[in-house]
1. Compute the length gained on full extension between T114 and I230: take 0.36 nm times their separation in residues and subtract their Cα-Cα distance, giving the result in nm to one decimal.
2. In what sequence, highest mean first, do 46-54, 507-515, 483-491 appear when ranked by Cβ atoms within 10 angstrom?
3. Calculate, for R523 and D310, the FRET efficiency according to 1/(1 + (r/R0)^6) with r their C-beta to C-beta distance and R0 35 Å; round to the nearest 0.05.
4. What ranking of I482, I41, I90, I85 emerges when the number of other C-beta atoms within 10 Å of each C-beta is taken as an exposure proxy, fewest first?
5. I'd like the distance separating the alpha-carbon centroids of the stretch 19-38 and the stretch 457-474, in whole Å.
6. Can you figure out the FRET efficiency of R4 with Q413, using R₀ = 51 Å and their beta-carbon distance, to the nearest 0.05?
7. Between V352 and D458, with labels modelled 7 Å along Cα→Cβ, what's the label distance in nm to one decimal, could you check?
8. Can you give the FRET efficiency to the nearest 0.05 for E487 and A388, using r as the Cβ-Cβ distance and R₀ = 30 Å?
Amino acid sequence: MRGRTKRIIVGVAGTLVAVGAERISLDNGATPRAVLLDLAIGLTYVYGGLAIADRAPRNKTGAKMTATGLTWFIGSFGGSGIPVIGDLGIVFTDLYSAFLLALVLSYPGGALETTVDRIGIAVMVVGTTLLQIGAYLVDTPLVINQGSNGLYGGLALAVMASVLILRRWWLAPARARSDLLPVLFAGVVFVMIVAVNIIRRIALVPDSTAELLIALTGLAPAAIPVALLIGFYRQSERRLQALVDAIPDPLFRIGRDGDLMDARASLEDGRGSAGPADEGVADLLLAVRRDALVEAVGRALDTGRLQSLDVALDRPGGGSRALEVRLAPSGSGEVTAIVRDFSDQREAEAEVRRSRTRIVEATDAERRRVERNLHDGAQQRLVALSLALRRARSQLPDVQGAAAATLEEATSQLHAAMAELRELARGIHPAILTEAGLAPAIRALAAESPVPVILDLDLPTGLSSHVEAAAYFVVAESLTNIAKYAEARQVDVIGTLTGEELRVEVRDDGRGGADPAAGSGLRGLSDRVAALDGHLEVISPVGGGTRVVATLPLAWSGAPA
């Protein structure tokens, strides 16, 4: 059961108990005015405690206040005439005062801080209970408001409570006393109740004055929860204000129609650096992006959710600033906006992308250089050597036996070396990709694949060499992995343009279960694709084949202008 549901149940049950208790009081001769006052005071504690618990569930202040309200009505059951319940109602009539004292002494954190406070609570529980037990046993109500019986005991407990409360405020650090003003107020209320009861017993006062004093003592307990609630919510406001003050970014409130309600700071104040203009941030945003800002405000108010808006502002001296405006509903028809300057972060991200692009460009350039050197150097030398061996064989027609076998073996090994060298050169950077383009290069890969490949290519020529190289190696690595591990019967290779993106997909009907993190091939491809602002996705459920999908923007942010 969730906390809010529990609080609702407690609120409903507490209300029913309170109404039942006051009905008993009404049946026992209490006036309707007194019953309503008593009901209002008790429910103020109950509902106030539940409100605090809803706002701060971990703070025990709410629980203590609710307990005070529930025990407030115990005394009314003393006149119910129900065995045991009536006796308990009499014995624990004043138990609420112990909960009230605990509530005040533990405010605002909800926990008692000193041993003296804990002892005081124990004394209050025992004292109020013993006074009522004594009165019940001798059939004389030892209540402070009736006669002189129990006067000294009741006054002693009230004085003790007043001293503990005033001590709590007095011993608090000077900076914390403002937060404990509700505690001081409660102490004054306790002292006032004690003073009123003493005055009523030692002085002759007119009946009208006596009624006023009795009314004051009746209303006084209601003032304590109100004071504690006000103090609690003021503390919440101060915490919120402290949080707002700790945010280094400009804040402002704006209405649905775009009217500025107030602004805390300018961009210069919030960021500690020169802003794009002498105007405030809010006025500047409304001047350059009013329509977009008003639309975002409307979405925030209509959906009740946080909205964001990216704004680029030109600098007076050139360049621009990248701002993000976050808008959160904060009242009826208004939102609070936080403006954050992401210029430095965006520039750093752009530089990271540019550096990754430079690495890809340098790597591709080096691949092409090595491929050319192999083709024009070592490969040509091997071709020349093959021709020399062929001439030697033709010039020695009578060579037989071991010599002929040696020449044939040398020629065979030479052809194998040339094939391996061409394969190596193609792996470094395929010449066909540079000479014919991406589609022919993929067809060449499919032709050499040991697993049948079905091609569905709709690829134009003239794509960026970096994009083509990334797409080619995605297909090459995927076909290699399929041949080695997939146990597939068929492969589909799909290459299409979707809008401003190149999409290459390689899928097989093999055993699946490929893990991109397990090998360096797919990780390297992912880095290469990411360097071009692209995305590589590997989907490989066990037994369901594997899909490798690369999405590459045709014009990425790191491309030269």
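1. Working: separation 116, 0.36 × 116 = 41.76 nm, distance 2.47 nm.
Stretched out fully, the T114 to I230 stretch lengthens by 39.3 nm.
2. Result, highest mean Cβ count within 10 Å first: 46-54, 507-515, 483-491.
3. So the FRET efficiency works out to roughly 0.65.
4. Working: I482 26, I41 21, I90 17, I85 12.
Starting with the residue having the fewest Cβ neighbours, the order is I85, I90, I41, I482.
5. So the separation of the two Cα centres works out to 87 Å.
6. That gives a FRET efficiency of 0.05.
7. In this crude label model, V352 to D458 measures out at 3.6 nm.
8. Computed FRET efficiency for E487 and A388 comes out at 0.10.
The numbers here are math on the coordinates, done by the rules we state, and not lab data. Keep in mind that this is a model prediction, so the values were computed, not measured. With ideal geometry, Cβ positions are generated from the backbone for all residues, glycine too; neighbour counts draw on all protein chains shown.
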